[in-house]
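Reading through the structure tokens given below for one structure.
The values are calculated or read from the model by the stated rules, or taken from the named source; none is laboratory data. Keep in mind that this is a model prediction, so the values were computed, not measured. In this analysis, Cβ positions are derived from the backbone assuming ideal geometry, glycine residues included, and neighbour counts consider all displayed protein chains. The accessibility values were calculated without ligands, DNA or RNA, using every heavy atom of the protein model including side chains. Shrake-Rupley method; radii C 1.70, N 1.55, O 1.52, S 1.80 Å.
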Amino acid sequence: MSDSASDPSILLRRALDQVADTRPAAQIAASVERLITRYRAGGAATAPILRDPVDALAYALYRMPSTYAAVTAALGQASLRWVPAGPGVRTVLDLGGGTGGAAWAATRVWPQARVQVVDQVQGCLDLGRQLAGDDAPISFGSWRLGEALRDPADVVTVSYVLSELTERQQREIVDQALKLARMAVLVIEPGTPDGYARVLGARDRLLAQGWTVVAPCPHQGACPLAGSDWCHFAARVDRSAVHRRLKQGSLGHEDEKFSYVFAVQPGQPVPGDPAPRVIRHPVKRKGLVDLQLCRPDATVGRAVVTKRQGTTYKQARSVSWGDSYTTP
Ligand SMILES: C[S@@+](CC[C@H](N)C(=O)[O-])C[C@H]1O[C@@H](n2cnc3c(N)ncnc32)[C@H](O)[C@@H]1O
């Protein structure tokens, strides 16, 4: 674990605090309100949603800690199962990376990696660069979907981007990610039924091209939740004072819900024996744990574990929503 001097979550919070007063508070609040309404409405954008530097700042202040937390959780789960051969993950490309939330997460999970963020909004790239500072292994460049990108990367991330795109563009960005990734791709979206459906579309595309899903699914089959439920997880986000003010919340934290798929190229080493995934908050009562699991045979179901089961019970008590459930 990193100490506080190098812990990206603390550095990100500090960097956001430092830029919070660079625009009038009323302007930022108005922009946050517009963005919340726009993102709730959903639907493909015909023009960039983040229109100017105030929008970029508003987005960074109210969304970046959450996208950072969600991507950190997703990459953390994936890298528990997938350990690349050789020198590991050296380069990451973040398509539609905005102010760099996913890039910060990538540097937390793979501290040795260099991350290239590309986006269509100059205000996001400028702010992202300012937040990351000169010493960060993160660089920012201009790119609009449809433009070719020359340099491949070990891992390509597409974080909270699909919802702004048409279905055709969603296929296009996933295909571009597949083309550019030497090892792995992450697609992550809000943990809503719509976000899950978009992730499922991306997952189908990854599987159709022979990629192996590493997380969250412990199988390569059809999602057993499709049509009746939606697969999603939650990441705890500590709210700073600025974050609390903008979200008009009094709690010191919130839970960011997200859906994701992380898949690797054919030939990447992945242990062939995945454990079931915990797909709901475990219900923990005295002497009993009730788990909802997605299993390696592509079914979902409950596992009720009681104290009489000794070490299995201990293990069941220790798992959280989103974890793999490995029985001793
Ligand atoms: C909701 S933000 C997500 C930002 C960042 N990936 C994150 O997780 O915080 C969506 C980003 O996708 C970018 N984007 C949307 N459509 C794009 C396109 N056609 N070409 C390039 N970037 C695009 C937007 O400019 C915006 O920065």
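Based on what the data block shows, is P111 open to solvent by 10 Å² or more (accessible area, probe 1.4 Å) and part of a helix (DSSP H, G or I)?
On the way: open to solvent by 10 Å² or more (accessible area, probe 1.4 Å): yes; part of a helix (DSSP H, G or I): no.
Criteria not met by P111.
Give segment 273-302 a look and list any residue that's hydrophobic (A, V, I, L, M, F, W, C), open to solvent by 20 Å² or more (accessible area, probe 1.4 Å) and over 14 Å from C217 (Cβ atoms), or say none. Passing the criteria: V283, L288. A residue that is touching an Asp or Glu at 6+ places or on another chain (Cβ under 9 Å), assigned by TED's automatic domain parsing to the domain that holds V213 and farther than 25 Å from V83 by Cβ occurs nowhere in segment 177-188.
Residues being away from the ligand (no atom under 12 Å from the Cβ), assigned by TED's automatic domain parsing to the domain that holds R38 and outside any helix (DSSP H, G or I) are represented in segment 141-148 by at least one member. Residue count for segment 127-178 satisfying the condition of being surrounded by 13 or more Cβ atoms within 10 Å (Cβ to Cβ) and under 20 Å from Q112 (Cβ atoms): 12.
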